[in-house]
Amino acid sequence: MTIVIIFIPFLIVSIFNIDKKEEIKINYMSNTIIRVKRLGSGDIEYIPFEEYIVGVLAGEMPIYFEKEALKAQAVAARSYALKRIEYNKDSDYDVVDSILNQVYLDNEYLKEAWGDKYIDNINKLRGVVNETSLEYLDYDGEIIDALFFSTSNGYTETASLVFDIDLPYLKSVKSDWDSKTSSVFKSSTTMKLSEFYEKIGLPYSDRLVTDVLKRSSTNRITSISINGNVFEGTDLYNKLGLRSTDFSLIQDGDEVIINTVGYGHGVGMSQYGAEGMAEEGYNYADILKYYYSGISIKKMEN
């Protein structure tokens, strides 16, 4: 009886502690701080750099992604952030917390969003950040502008065809994985003809006449004629909020059917392509060196 009395409290404590998990701590090997403007409040927060990368991972990639894809994203996000710090050294802040730069989600938001999965999820992301601690992408002695996007149309795009930059490491590469991994590889939306004309700044017409004038080598539209007016593909991408510049426009009565292939601007690393590569056994360095031509992986000095 004495043994039973002693053993019962021990058994109860063991049962209640068996699933107790602790949060992994970030390895702060640098005192770097990043200034993040929160668009919701307008406040500028000073966040430890590596903790910021954890929040970007949470905002930019699905938590279920393979570890090597998440590691590739961590290094790309770190490089992108370092480049913004370099660009904005004379400004009040380095980055904003939205898709205008990189989506950043703080711990309070994640605790509410993830609920009882918070510890497992945050530990997964912190482990990824710790395993790539302070690593960034370099080209010819300079931190690269590590652009990335959701889903390719089968190819990434050369930067000069989308943005006003021509960088040797942001060249088009084949990306076959996206069609298998991304649920938004192909998509379709319908818009009223009147809304369509209003958004692109043309007078209403009950007839829609389109003619694709030029496509890039990756099948993305670079210029298109609509009712005799010429638009750049990227212009329509922005004005219509398209998912991709690989699109088609089909009139159906008083509506326009817009079909797209891919999701995002198409430059740099495809996130769903990275996931596909990880699923096939490629590591994060393989992924990064594939999507960013000629780069090397370096580490920030303490």
Inset, instruction - Go through (1) over 17 Å from Ile26 (Cβ atoms); (2) modelled with pLDDT under 95 one by one and return the number of the condition Ser133 breaks. - result: (1)
Inset, instruction - Determine, yes or no, whether Lys239 is in a helix (DSSP H, G or I) and among the charged types (D, E, K, R). - result: yes
Inset, instruction - Could you tell me whether the stretch 141-154 includes any residue that is within 27 Å of Tyr263 (Cα to Cα), free of Cβ contacts under 8 Å to residues at least 40 places away in the same chain and not in a loop (DSSP other than H, G, I, E, B)? - result: no
Inset, instruction - Quick one: Lys111 ticks every box in (1) assigned to a helix (DSSP H, G or I); (2) farther than 28 Å from Leu39 by Cα except a single one, so which number is it? - result: (2)
Inset, instruction - Identify the residue in the stretch 147-180 that is polar (S, T, N, Q) and under 23 Å from Ser79 (Cβ atoms) and, among all such residues, is farthest from the chain's Cα centre (by Cα). - result: Ser160
Legend entry - Matching residues, the stretch 72-93, being closer than 27 Å to Gly241 by Cβ and either of a type in the set (D, E, K, R) or in a helix (DSSP H, G or I) (or both): Gln73, Ala76, Ala77, Tyr80, Ala81, Lys83, Arg84, Tyr87
Legend entry - Any hit, the stretch 177-195, residues being among the basic types (Lys, Arg) and either buried (at least 22 other Cβ atoms within 10 Å of the Cβ) or free of Cβ contacts under 8 Å to residues at least 40 places away in the same chain (or both): no
Inset, instruction - Just give me the residues in the stretch 271-302 being in a strand (DSSP E or B) and either of a type in the set (D, E, K, R) or more than 16 Å from Asp145 (Cβ to Cβ) (or both), in sequence order. - result: Lys298, Lys299
Inset, instruction - Please work out which one of (1) surrounded by fewer than 16 Cβ atoms within 10 Å (Cβ to Cβ); (2) at pLDDT 80 or above is the condition Ala74 fails and give its number. - result: (1)
Inset, instruction - State all residues of the stretch 44-69 that are in contact (Cβ under 8 Å) with a residue 12 or more places away in the chain, within 18 Å of Ala113 (Cα to Cα) and aromatic (Phe, Trp, Tyr); if no residue qualifies, say none. - result: Tyr52, Phe65
Inset, instruction - Take the stretch 27-71 and flag every residue that is of a type in the set (Lys, Arg) and either surrounded by fewer than 16 Cβ atoms within 10 Å (Cβ to Cβ) or part of a helix (DSSP H, G or I) (or both). - result: Arg38, Lys67, Lys71
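The values are calculated or read from the model by the stated rules, or taken from the named source; none is laboratory data. Keep in mind the model is a prediction, meaning the values are calculated, not measured. We place every Cβ from the backbone using ideal geometry, glycine too, and count neighbours over all the protein chains shown.
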